[in-house]
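All remarks here apply to the structure that follows.
The values are calculated or read from the model by the stated rules, or taken from the named source; none is laboratory data. In this text, all values refer to a predicted model and were calculated from it rather than measured experimentally. Here Cβ is always computed from backbone atoms with ideal geometry, including for glycine, and neighbour counts include all displayed protein chains.
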Amino acid sequence: MNKLITLTTIAALSAGPALAAGDKPFFSLKNTDFIVSIGFLLFIAVLIYFKVPGLLMGMLDKRADGIRSELDEARALREEAQALLASYERKANEVQEQADRIVTHARAEAELAAEQAKADLEASIQRRLAAADGQIASAEKAAIKEVRDQAASVAIAAARTVVAEQMTAQDAAALIDTSIDQVGARLN
């Protein structure tokens, strides 16, 4: 009720300009300003009677509580998102570290494989050089044998020619007899 009296007083005082109009009395039903003021006061009284300000305050409080809960939920979601982001960043760092370790390990293995391949290549070269040396030695022996065989053939041919020119029939018969005796002695 105190609010109603306060509102009535405010409405009456705000009607001051209508009182200054002069030609019509303010408290007359013919004065539209008075009628509007009374209608306004009745409207305010009806609002107060039906507790509209309380309802409005309740709705505003409810809306404020809803906003507050939405803010709390948003804050919680933000914290959860930050925690999730930190987790993903940590996992990304771990994955990066693991990738770095893998790359380092792969480089070390590649260096070892390169060293092994170099050693294998050197061993292969050594084997091929040894095989080539063996082939060269074999070729040298074959060439020496061929030269010896050729030399022997030439020497035999030369000896045959020399012996044929210098040997007489008696010398040949004596040589054949000596050879037969030697073969006979060796066979027994």
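For the reader, a short list of remarks on this structure follows.
- In the range 26-37, residue surrounded by the most Cβ atoms within 10 Å (Cβ to Cβ) [restricted to those that are out of contact with any Leu (no Cβ under 9 Å at 6 or more places or on another chain) and without any contact (Cβ under 8 Å) to a residue 12 or more places away in the chain]: VAL36
- Put simply, of THR104, THR168 the only residue that is hydroxyl-bearing (Ser, Thr, Tyr), free of Cβ contacts under 8 Å to residues at least 40 places away in the same chain and surrounded by 10 or more Cβ atoms within 10 Å (Cβ to Cβ) is THR104.
- Per the conditions (1) modelled with pLDDT of 95 or more; (2) under 30 Å from ALA174 (Cβ atoms), the sole criterion not satisfied by THR161 is (1).
- Among the candidates ALA76, ALA64, ALA83, ALA20, the residue that is at pLDDT below 90 and either small (Gly, Ala, Ser) or loosely packed, with under 10 Cβ neighbours inside 10 Å (or both) is uniquely ALA20.
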